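Data first, discussion second: the structure below is written as structure tokens.
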Amino acid sequence: MPEATTLYVLAVIFSATLIRSTFGFGEALIAVPLLAMRLPVTLAAPLAVLVSIVIAVTVVAQDWRHVEWHSAILLVLSSLPGIPLGVWLLARGNEHAVKSLLGILIIAFSTYSLTARNPRPVSEKHYGWLLGCGFLAGVLGGAYGMNGPPVAIYGALRRWSPQHFRATLQGYFLPASLAGLTGYAALGLWTAALTRYFLFSLPLVAAAIVLGRLINQRLRGHGFFRLVYAGLIAVGSVLLVQAWVR
């Protein structure tokens, strides 16, 4: 029988995968913080990235026709210059101030979007939003490994269907996660324990991906985006809690 820690890890990974497969993002709220309660961060973070890669590869392979490739590629490219700034903020910046500001901005934007009536979709040709969200995703990813919110905001502004939203975000997360895994491997963080937890989790990851896809296909525009903005408010709240609770 699996030990208690293994069962805990499997439950967290299943829950995080279900959220990611349903909405396209949001597992960062669950995966690393909860895994780190039972595992070292040097094990929890690479495990979350490995699972992220499996989710992204599976979703893109299944639903590649729903991926907005032009937007996904430009989001990835515009993230690259933001990553060094994020790393610098992590090393030299005021974490309290940065997380507080980001949390407030995400909550304010999402609250406004929830209450606005008939918001007008952002055009594909509006490169300011695309490049700006990509850059901020790089900053957040480099600093805190939380690159999802700006990309989710862009997808919501474009008013993509739930299926396009979910698939396109995976097109963005796949190269980002591969880069992260390469860095962890270079640091020697790919261990036997990581492989063991990853292999144990694969059946539950597969089940959660299938279930999340079924749920996503039943979601529709307005209700879906209300859930997206509610998730973003939760992300902003987590940032504020992390900024103020030591």
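The values are calculated or read from the model by the stated rules, or taken from the named source; none is laboratory data. The model shown is predicted, which means the values in this text are computed figures rather than measured ones. Virtual Cβ from ideal backbone geometry, glycine too; neighbours counted across all protein chains shown. Just so you know, the surface numbers come from the protein's heavy atoms only, side chains and all, with ligands and any DNA or RNA stripped out. Shrake-Rupley method; radii C 1.70, N 1.55, O 1.52, S 1.80 Å.
Structural remarks
- Distance between modelled label sites at residue 125 and residue 87, nm, 7 Å Cα→Cβ extension: 3.8
- Residue-averaged [θ]222 nm for the chain, counting only DSSP H segments that reach four residues, each worth -39500 (n - 2.57): -27000 deg cm²/dmol
- Span-like helix ranges in the chain, DSSP H, alpha carbon extent 24 angstrom or more, Kyte mean at least 0.5: 4-23, 41-63, 95-115, 127-144, 192-218, 221-244
- Within a Gaussian network of the chain (alpha carbon springs, distance under 10 Å), most fluctuating of 84, 46, 121: 121
- For the range 23-128, the ratio of Cα radius of gyration to the globular rule of thumb 2.2 N^0.38 Å stands at 1.33.
- Of the residues 13, 215, 53, the one that moves most in a GNM of the chain with alpha-carbon contacts below 10 Å is 215.
- Rounded percent of accessible protein surface that carbon and sulfur make up, the chain, 1.4 Å probe: 70
- Spatial separation of Cα centroids for the range 163-179 and the range 68-85, in angstrom: 11
- Over 15 Å [Cα-Cα, the range 196-246], rounded percent: 67
- Dmax and Rg, reported as Rg then Dmax, of the chain (C-alpha, Å): 17.2, 55
- Tail weight of P(r) past 13 Å, computed on alpha-carbon pairs of the range 29-68, percent: 57
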